[in-house]
Structure formats: C-alpha cells, structure tokens
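Trainee: Handing you this structure, nothing more for now.
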Amino acid sequence: MIKPLMILSALALAAPATAQQTFAAPEGCTGTLTVQQKGCVLVNVWSCAADNPGDQWLALIGQGGLFSVQKVDDEFQWIEAYKITGDESLESPAPDPASLTELFANQIDTWDFTILTDDGPQRNVGYDMLTGETTEIDGVTLMNTEYQGRTLDADGNEIDTGSGRQYVSQDLRLFFFGESWDAATPDQVTDMSPVEFIFPGEPGFFSDQPIYECNQIETGYRP
C-alpha cells in the first residue's frame, strides 16, 4: 500500500497549479484514464501493481491544483482518501457496503457505511439507482443514475443531505460526477458532468490542468 505522505508529496510535485502540463502516477502504478469535467475539475485515474485486483486511485484537481486523492475498490467503495481537509478511511466491515455488482444486477444499490475522518466518524446512508437510460459522452457510453444520501455524525445528528444524478461505467467500474443539489435548496444545481474521456496515448492524457468552466466561480464540490 502506498503511504499517504508518499502520495501527496509525489503528486503535489507532479501537479502544481501552474508550472507543469502533465501529471505522473506514483512509482509502480500505471495511469489509465483522464476525465475533464465541468466545474473546473479534472480526474486522473491509475492502478498499482501492489494493490488488490480492481483497486483504483483517483486524483481530483481543481483550479487551485490537487485537492484530493482517493482509493476505491472494485465495487467503488471509498477505501481511503487523502484530502486538503484531512485523511479519511472506510470502517470495515460496513453494515451495507456500496456495491456496483448489486447496482448492475438489481438496478438499485442501498448503502450504509462509516467513514473515519479527522473530525470523527461519519455514517453515510442512501442509495444509487439506475434510471434505465444511457448517455454517450466523448464516445463513452455511460449508465445514468440517481442517488440520495445522508451523512450523520457519531451522535446520529444529520450533518449533510444530498441528491443528484450521476453516471456509471460497467466496463470501467467507475462512477462519474453529474448534477447534485442539497435537499434544502433543490433549485441550486451543481453540474460537474464529464466532457472528455482521455485514454493513454491521446492528447491531454494525465494533464494537470482542468479546462472547462475554470474562469467562473469555484466549483461547489466539497472535498
């Protein structure tokens, strides 16, 4: 397993806000995908030989540079994350783990899992549901999803709620941002949908610069 300090130091050097135009996966890892998204967000994806089969890493880069590195497994469970707001890890076993296998088989996947953060445990409860529709973006066919979720603190107090529409790829076994909104303000929609899917050997692969909607107000994404 790659250590947090190794990840953040290596990637911070590879992805400053302005200096370079390319990104680098850590040693022993191979870049697999770059996604340029609305809302001035870029996602670089890689896998590492030392990890379990199906594990993937995602680096999220905004207008100010790298702000989050996340590890997911083959079911797209959030195993661990290293963010500018603090480190996080999944408490295992989860009462109802997130499961792409269940989503693809049953068109809906409920989840109930706890993320351990620097501010204490946060329980996440909700569901992802396939709508039955698909969307093609930059030549990649994605399944459309809807979701609802709540985040609770250690005392059971609700600290966040959200709903939205996302995309999921059965081949890549990855979710991609779409539209999201808070339950209290459903008319305030944040759209971070993919615009470009860039694979190894294509121009812009493993860039360090998001390019869409970057001169607007900073994205509403909360790392």
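Computed from the coordinates by the stated procedures, all read-outs in this text should not be read as laboratory data. Keep in mind the model is a prediction, meaning the values are calculated, not measured. Glycine also receives a Cβ, built like all others from the backbone with ideal geometry; neighbour counts cover every protein chain displayed.
Trainee: Classify region 4-198 as rounded, prolate or oblate, taking a ≥ b ≥ c as the square roots of the eigenvalues of its Cα gyration tensor: rounded when a/c is under 1.5, otherwise prolate if a/b is larger than b/c and oblate if not.
Mentor: It comes out rounded by the Cα gyration axes.
Trainee: Using a 10 Å Cβ count of at most 13 others and DSSP loop calls, identify the longest part of the chain lacking such GluC sites (Glu not before Pro).
Mentor: Working: sites that count: Glu27, Glu91, Glu218.
Free of exposed loop sites, the longest segment is 92-217.
Trainee: When only Cα pairs under 8 Å and 6 or more residues apart are kept, what is the percent relative contact order across region 4-198?
Mentor: Working: 442 pairs, mean separation 27.8, N = 195.
Once normalised by length, the contact order is 14 percent.
Trainee: Hey, another quick one. Nearest 500 deg cm²/dmol is fine: what mean residue ellipticity at 222 nm does the chain get from its DSSP H runs of n ≥ 4 alone, each adding -39,500 (n - 2.57), divided by its residue count? Write out the running numbers ahead of the final one.
Mentor: Values: 2 runs with 18 residues, N = 223.
About -2500 deg cm²/dmol.
Trainee: Moving on to the next point. Counting other C-beta atoms within 10 Å, which of Met192, Met129 has the fewest, and how do the rest follow? Display every interim value, and only then the final one.
Mentor: Values: Met192 23, Met129 16.
Ranking Met192, Met129 by Cβ neighbours within 10 Å, fewest first, gives Met129, Met192.
Trainee: For the chain, what is the charge dipole size about the Cα centre, in debye to the nearest 20, if Lys and Arg each add +1 at the Cβ and Asp and Glu each add -1 at the Cβ?
Mentor: Values: 9 positive and 35 negative charges, 114 e Å.
Computed about the Cα centre, the dipole is about 540 debye.
Trainee: On full extension of the chain, what length is gained from Thr85 through Glu158, given 0.36 nm per residue of separation minus the C-alpha to C-alpha distance?
Mentor: Values: separation 73, 0.36 × 73 = 26.28 nm, distance 1.97 nm.
Result for the pair: 24.3 nm of gain on full extension.
Trainee: In a GNM of the chain with a 10 Å cut-off on Cα contacts, which of Gly126, Gly31, Gly139 has the highest mean-square fluctuation?
Mentor: Of the options given, Gly139 has the highest mean-square fluctuation.
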